[in-house]
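Below: the structure, in structure tokens.
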Amino acid sequence: MHLSSMQIHNVKVVAALSIFMMYIKLFYWLRLFESSAAFIRMIKEIISDCVPFGVFLFVCVAMFSNTLLLFDQSRRLEGIDGMIN
């Protein structure tokens, strides 16, 4: 059976997601051992504490990128090339 390059790409994406989920499951099972349970709980708490910062960072980056996009579109409408001589 011959797979096209798009199908190969889709298979690789699904395989990558499957491997990622397998490692998430591994971390879940590591909670069973007393020696690693504290570390897994600590990683979970750190990630949950980083989520609000990530949302705030995303909003700030989107705000600045939207502003710069509007500036660039107005330059292009005015016919300014953007190349500095």
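Among the chymotrypsin sites (Phe, Trp or Tyr not before Pro) in the chain, those located in a DSSP loop and surrounded by at most 16 other Cβ atoms within 10 Å of their own Cβ are PHE33. Simple point charges give the picture: +1 on the Cβ of Lys and Arg, -1 on the Cβ of Asp and Glu, and for the chain a dipole about the Cα centre of about 360 debye. Look at [x] 35, 25, 24; [y] 65, 48, 21; [z] 41, 29, 19: the one that is Cα extents along the principal axes in Å derived from this structure is [y].
Between the helical axis of 5-30 and the longest alpha-carbon principal axis of the chain there is an angle of about 50 degrees.
What is the calculated FRET efficiency for TYR23 to LEU68, with r their C-beta to C-beta distance and R₀ = 35 Å, to the nearest 0.05? With a Förster radius of 35 Å, E is 0.45.
In the chain, the DSSP-assigned H stretches of four residues or longer account for a calculated mean residue ellipticity at 222 nm of -30000 deg cm²/dmol, using -39500 (n - 2.57) per stretch and the full residue count as denominator. A cut-off under 12 angstrom between Cβ atoms defines the neighbours of VAL51, and their net charge, with Lys, Arg +1 and Asp, Glu -1, is -1. Mean-square fluctuations from a GNM of the chain, with a 10 angstrom spring cutoff on Cα atoms, peak among VAL61, VAL11, VAL51 at VAL11.
None of the figures in this text is laboratory data; all of them are computed from the coordinates on show. The structure presented is a predicted model; accordingly, all values stated were derived computationally and were not measured. Counting neighbours? That spans all protein chains shown, and the Cβs are built from the backbone with ideal geometry, glycine included.
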